[in-house]
Every structure is written in structure tokens, then in C-alpha cells.
1. Which condition from (1) in contact with a Lys or Arg (Cβ under 9 Å, 6 or more places away or on another chain); (2) assigned by TED's automatic domain parsing to the domain that holds Val121 is the one that Phe11 breaks?
2. From Ile71, Ile42, Ile46, Ile3, grab the single residue that is at pLDDT 95 or above, more than 24 Å from Asp125 (Cβ to Cβ) and either in contact with a strand residue (DSSP E or B) (Cβ under 8 Å, 6 or more places away or on another chain) or among the β-branched types (Val, Ile, Thr) (or both).
3. Restricting attention to the stretch 18-54, which residues are acidic (Asp, Glu) and not assigned by TED's automatic domain parsing to the domain that holds Tyr91?
4. Please specify each residue of the stretch 99-119 satisfying the condition of being within 15 Å of Asn52 (Cα to Cα) and either in a loop (DSSP other than H, G, I, E, B) or under 13 Å from the mean Cα position of the chain (by Cα) (or both).
5. Any idea which residue in the stretch 1-29 is nearest to the chain's Cα centre (by Cα), counting only those that are exposed (fewer than 12 other Cβ atoms within 10 Å of the Cβ) and acidic (Asp, Glu)?
6. If we keep just the residues of the stretch 79-121 that are in contact with a helix residue (DSSP H, G or I) (Cβ under 7 Å, 6 or more places away or on another chain) and small (Gly, Ala, Ser), which is nearest to Asp16 (Cα to Cα)?
Amino acid sequence: MNIKELIKQEFDNAQDKVGFINEISTFIYNLHPIKQPVSNVIWVKIEDVEPNDYNPNSVANKEMSLLYASILHDGYTQPIVTIYDGKKNKYVIVDGFHRYFVAKHKPQIRDRNSGLVPIVVIEKDINDRMASTVRHNRARGKHSVNGMSNMIFAMMDNGWSDAEICNELGMEAEELLKLKHITGFSKLFENVEYKKAWETKNQIKLRFEYFKNNPQEKNEQPKTNN
């Protein structure tokens, strides 16, 4: 019996055929010389997937209708990008919320796919997840300005510098500065002196602790005029 026949036999005997295919996909991925997320697309129950709480993307009703029509006629041509949250036992969406939304709320799509959606799983910490979401959105030219400003604040509060944010998001310094000045954004910086390179309270705390442990580097910092 050759390998194809053996796999077919095991597939025929499997009670959870999609689960069996997922296992085969992951096994092949581990052998694959090119390890990219798209090399391991798996199908999971839509109930096991949930949105993130930071996506700044927004899609008009017309575009949502077009997305529905596209999935209805062409099927899923792109998987939903997720991370696995072990505490929640859920796949949290990094990119592809609207593809998830269509499957969840359009019975014709949901039923055709037996309540499953295609996903890939990446491993990222929270700031890297946010950056991945923004990169996906910006590549398509779609993101909400208010959502972006809120996300930028969260990244700063998690310890990223202006330079790191610009580098990770493919953003110019002036664009970042404008997002910091979105209406109402300055209210988040109570008791912090106004300056071009605003810092969150947590950033100030992290910087203070760093220089406390590395006093020699503080003395080497160039002085700037604010």
C-alpha cells in the first residue's frame, strides 16, 4: 500500500474528517522547507474564533456586500489570520474580521462550510499582533483614524518607542505625530508636559527604571531642546 492509499484509508476511517485533514496539513507544514503561515491553513469551528478588541479597520456596507458576494461565488480565497489564546482556548483574529463576520452572520456561507472557517495561526505578542493588523489594513489602504490613534497609545503604553512604532507600522514620524493629536487623544496624557515626542505614563516609568539600572547610559544621552 502506497502513502496515498494509506492516507485515504485513514481518512475514510476518521470520524472527524476535517480534523484529520488539519492534522495532515500541520504534519506536512512541519516538514515543509518554506515555513510560512499560508503553508498551514486549517478549518476550525466559527465558535472557536473571536475578534480582537483593537482593529482600527472599517468597511462600508457596500464593500461588505461585495465581500459577501465574493465569498458566495468564489469561496474563501484568503484565510483568516489569527493567534491562539490558550487562556481563552480561542483563535483571536489578527486580520480577516470581515471574512469571519460574513461566515458568522450569513447562513448560506456558514451552512455551506459546515460552520467552519479557514484560518492560519501566527505567534505574536500583543504589540506585534497590533502591528500585524495595521500592516494588513494599511496594505489595503483601509483603517480608521480614531482606531489607529487608540492603538498607537496602547503600543506606547506597552513600552514601544516612537521609532519602533514607525518602523513596525511603516509610518512616517509626522504621520505618527498627527495621530497623537487626534481630538481627545491629549486627554490621555494628564500631568505630562506637552512636547513633540509625547510619552505615556508607562513609558516614563519604564524609561526611569531602565536608567536607574543603567545610570552610565543616562549620562551619555544627548540633550535636546523641547
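The values are calculated or read from the model by the stated rules, or taken from the named source; none is laboratory data. Please read these numbers as outputs of a predicted model, since none were measured by experiment. Positions of Cβ are generated from backbone atoms using ideal geometry, with glycine treated the same way; all protein chains shown enter the neighbour counts.
1. Tallying (1) in contact with a Lys or Arg (Cβ under 9 Å, 6 or more places away or on another chain); (2) assigned by TED's automatic domain parsing to the domain that holds Val121, Phe11 fails exactly one: (2).
2. On the way: Ile71 fails: at pLDDT 95 or above; Ile42 fails: more than 24 Å from Asp125 (Cβ to Cβ); Ile3 fails: at pLDDT 95 or above.
None of the others qualify; the one that does is Ile46.
3. Initial filter on the stretch 18-54 (acidic (Asp, Glu)): 23, 47-48, 50, 53.
Matches in the stretch 18-54: Glu23 only.
4. Listed by number, the list holds a single entry, Ile119.
5. Filtering first and then ranking leaves Asp16.
6. Selected residue: Gly115.
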